[in-house]
Amino acid sequence: MSFTIAVAGKGGVGKTTLCGLMIQYLCRKGKTPVLAVDADANSNLNEVLGVKVEMTLGDIREDVAKSENAAQRTVPAGMSKADYMEFMVNQCLIEDDDFDMLVMGRTQGKGCYCFVNGLLQTQLQKLTPNYPYVVVDNEAGMEHISRGILPKVDMLLLVSDCSRRGVQAVGRIAELARDLELNPKKMGLIVNRAPDGKLNEGTLEEIKNQGLELLGVVPQSTEVYEYDCDGKPTVQLPEESPVRTALKQIMEKLEL
């Protein structure tokens with residue numbers, strides 16, 4: 001049975017960077033293979049990990065949905081949609097040495113995708129048990145989890161910047177998780193990009209007001225910013241990077 005870690009937070013707080021370093025940490029611990037799922041509409045987890053994306057699952061959903069129209073048929077004659085979906089999901093799987101990756105992508109077409117999403121859910125349920133750990137980089141709304149496309153959530157890590165408004169935003173995500181009855185075994189907050197790795201009293205007060213468990217604080221890093229500007233994968237950060245050190249402490253606290 002795989003253990004699913006979902007990472008969520010509003011845009012721009014650095015959750016994808018932490019997600020990529022988390023995947024690398026698990027791989028280095030020998031907890032492989034890890035399945036990395038980029039479920040954020042603004043997909044860029046592949047850039048953090050240094051891999052190239054050729055096709056997204058959203059592309060497959062479009063193809064299968066279009067197959068209802070004979071003039072736009074993409075599913076081969078004599079092949080069921082379910083078999084085609086399984087084949088194409090495997091084609092979408094990006095394979096690296098210690099992890100595989102799927103990019104969910106966003107459906108662009110109009111109309112109902114309930115049937116296609118059901119097919120996708122079935123294929124992912126077949127795929128995920130092959131991995132001891134599944135790490136999902138979500139957007140704030142957790143679209144793919146709320147629709148039931150992705151598997152259960154064992155651990156929900158909420159990422160915020162060090163502002164009160166950022167903490168309030170993840171508080172709303174935590175509330176959404178409760179409304180969806182995700183019931184993770186563990187849910188907590190990681191505050192990212194904190195000056196000198198410290199939080200002021202106002203932020204700490206807001207964390208308490210939101211009823212969130214603070215798992216750890218990751219310091220602000222010009223190094224991460226420079227890697228991003230230079231187009232270098234964040235997983236190539238030096239081993240002595242304070243960001244790596246802070247994340248390692250969080251992962252050890254979570255016994256991962």
Karplus ³J(HN,Hα) for the range 175-186 (6.51 cos²θ - 1.76 cosθ + 1.60, θ = phi - 60°; Hz, whole; x = Gly/Pro) runs 5, 4, 4, 5, 5, 7, 6, 5, 6, x, 5, 9
If you count only protein heavy atoms with a 1.4 Å probe, what accessible area per residue comes out for the chain, rounded to a whole Å²? 48
Answer with a single label: of (1) 129; (2) 144; (3) 203, which was calculated as volume of the Cα convex hull per residue in Å³ from the structure in view? (1)
Length gained if K185 through E213 is fully extended, taking 0.36 nm per residue and subtracting the Cα-Cα distance, is 8.8 nm
Which residues qualify? For V34, with a placed amide H closer than 5 Å and at least 5 residues away or on another chain, they are F99, D100
What number, rounded to the nearest 500 deg cm²/dmol, is the helix-based mean residue ellipticity at 222 nm of the chain, given -39500 (n - 2.57) per DSSP H run of at least four residues and division by all its residues? -12000 deg cm²/dmol
Can you give the charge dipole size of the chain about its Cα centre, rounded to the nearest 20 debye, using +1 on the beta carbon of Lys and Arg and -1 on the beta carbon of Asp and Glu? 620
Name the residues whose placed amide hydrogens come within less than 5 Å of the amide hydrogen of V218, ignoring near sequence neighbours (fewer than 5 apart) on the same chain. V191, N192, R193, A194
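Distance cut-off 22 Å, Cα to Cα: go down the list K52/K185; K15/K232; K152/K232 and report the pairs above it. Before the final figure, lay out the partial values.
Values: K52/K185 33 Å; K15/K232 17 Å; K152/K232 32 Å.
In this structure, K52/K185; K152/K232 exceed 22 Å between Cα atoms.
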In Hz, Karplus ³J(HN,Hα) per residue of the range 140-156 (6.51, -1.76, 1.60; θ = phi - 60°; x = Gly, Pro): 4, x, 6, 3, 6, 6, 5, 8, x, 6, 8, x, 4, 10, 8, 9, 10
Roll a 1.4 angstrom probe over the protein heavy atoms and tell me the percent of accessible area of the chain that is carbon or sulfur. 46
Taking only Cα atoms, what is the 0 to 90° angle, nearest 10, from helix 81-92's long axis to the longest principal axis of the chain? 40
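The values are calculated or read from the model by the stated rules, or taken from the named source; none is laboratory data. In this text, all values refer to a predicted model and were calculated from it rather than measured experimentally. As a convention, Cβ positions derive from the backbone with ideal geometry for all residues, glycine included, and neighbour counts pool all protein chains shown. Only protein heavy atoms, including side chains, enter the accessible area calculation; ligands, DNA and RNA are left aside. Shrake-Rupley method; radii C 1.70, N 1.55, O 1.52, S 1.80 Å.
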